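The values are calculated or read from the model by the stated rules, or taken from the named source; none is laboratory data. Note that the structure is predicted; figures quoted are calculated from it, not measured. Counting neighbours? That spans all protein chains shown, and the Cβs are built from the backbone with ideal geometry, glycine included.
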Amino acid sequence: MEGIAAEAYGYLSAGIGAGLVALGAGLGIGRIGQGAVDGTARQPEATSDIRTTMIISAALIEGVALFGMVICVLLVFK
């Protein structure tokens with residue numbers, strides 16, 4: 001591929017990748033929230049432990065999403 005076509009595919013792949021990263025991070029954090037609410041409803045006395053675990057898990061998912069976005073930006077500037 002030459003010139004503009006290769007550049008267009010780079011932009012397309014970066015856009016699709018960024019969308020998938022955002023979708024995956026949103027679904028992952030949503031599942032964490034769902035599990036935390038269910039766990040808190042079942043055992044209210046464990047709320048602080050559940051909250052701590054939820055925040056750590058959400059931070060790890062956000063970190064993976066950030067790496068995915070960086071890769072998408074690198075695809076644009078390839």
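Residue by residue, here is whether (1) among the hydroxyl-bearing types (Ser, Thr, Tyr); (2) assigned to a helix (DSSP H, G or I); (3) at pLDDT 95 or above holds:
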{"site": "27", "(1), (2), (3)": "no, yes, yes"}
{"site": "36", "(1), (2), (3)": "no, yes, yes"}
{"site": "41", "(1), (2), (3)": "no, yes, yes"}
{"site": "45", "(1), (2), (3)": "no, yes, yes"}
{"site": "51", "(1), (2), (3)": "no, yes, yes"}
{"site": "54", "(1), (2), (3)": "no, yes, yes"}
{"site": "60", "(1), (2), (3)": "no, yes, yes"}
{"site": "69", "(1), (2), (3)": "no, yes, no"}
{"site": "78", "(1), (2), (3)": "no, no, no"}
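Per the listing 70, 76, the residue uniquely out of contact with any His (no Cβ under 6 Å at 6 or more places or on another chain), under 30 Å from residue 6 (Cβ atoms), of a type outside the set (Lys, Arg) and surrounded by 12 or more Cβ atoms within 10 Å (Cβ to Cβ) is 76.
Residues satisfying the criterion are absent from segment 2-9 (criterion: touching a Gly at 6+ places or on another chain (Cβ under 6 Å), in a helix (DSSP H, G or I) and either surrounded by 12 or more Cβ atoms within 10 Å (Cβ to Cβ) or on the phi < 0 side of the Ramachandran plot (or both)).
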